[in-house]
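Report on the following structure.
The values are calculated or read from the model by the stated rules, or taken from the named source; none is laboratory data. Please read all numbers here as calculations on a predicted model, not as lab measurements. Cβ placement follows ideal geometry from the backbone for every residue including glycine, while neighbour counts extend to all protein chains displayed. Remember, those area values only see protein heavy atoms, side chains included, never the ligands or the DNA or RNA. Shrake-Rupley method; radii C 1.70, N 1.55, O 1.52, S 1.80 Å.
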Amino acid sequence: MNANSLIILDFETTGLSPDNGDRAIEIGAVKLENGVVTEQFQELMNPGRRVSYFIEDYTGITNGMLSTAAPCSEVMERFAHFIEGYNLVAHNASFDKRFLDSELERISHGYDGEFTCSLLVSRRLNQAAPNHKLGTLVNYKGISANGNFHRALYDSQMTAKLWLSMLDDIKQRAGINEVPFALVQKLAKTSKANVGKLLANYREKVAS
């Protein structure tokens, strides 16, 4: 499966860890088909309790907004259908995967796609970047941006643009026309020092 046909997602949450009882309050996602955004998903969800002032200020999502939102279970049921059959990407995927797994487990639902992390891929490809926060990388790569970070759909849209830019970098450095998802997964786990060797070996493999 190619790395330009998948779903890029982002959660906004009540805190840092579902293990501490934190819940999702918004999910946003974009579906890429051959490098083109074909569908989007965005919903607020009511976690069943108030969120802190810090989270309201950080995300712009208020308790008033959440009071009229559907409960997490209903939203996640819809989202489970949206991601069915697709591989998944998130920026700092370990965070988003924990919340995806936790919220889907609550409704006894799984998913069949595999995950990889755009932040880890960026650390390998953009080694001169000042840091690997999404906003920093959008500026570093010269990607046009005109919205508010820390809202789930906008962060997904910006991650999608970053992702496609990084796929172009991989194509150029490896001398290939298509980037398999498995290659990006491998790249995310490769040491920074061995990135050039990995891509050179893949170039030789494709050419042979």
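A count restricted to region 183-202 and to residues that are open to solvent by 60 Å² or more (accessible area, probe 1.4 Å) and without any contact (Cβ under 8 Å) to a residue 12 or more places away in the chain stands at 4. Taken over region 120-143, the residue count meeting the criterion of being assigned to a helix (DSSP H, G or I) and within 21 Å of residue 4 (Cα to Cα) is 9. For region 151-182, the tally of residues that are over 22 Å from residue 93 (Cα atoms) and open to solvent by 80 Å² or more (accessible area, probe 1.4 Å) stands at 4.
Beta carbons closer than 7 Å, at least 6 apart along the sequence or on distinct chains, pair a first residue in region 93-113 that is within 15 Å of residue 8 (Cβ to Cβ) and among the aliphatic types (A, V, I, L, M) with a second that is open to solvent by less than 30 Å² (accessible area, probe 1.4 Å) and outside any helix (DSSP H, G or I) for 93/116; 93/117.
The set of residues from region 134-150 being closer than 25 Å to residue 56 by Cα, free of Cβ contacts under 8 Å to residues at least 24 places away in the same chain and either in contact with a strand residue (DSSP E or B) (Cβ under 6 Å, 6 or more places away or on another chain) or surrounded by 13 or more Cβ atoms within 10 Å (Cβ to Cβ) (or both) comprises 135, 136, 145, 149.
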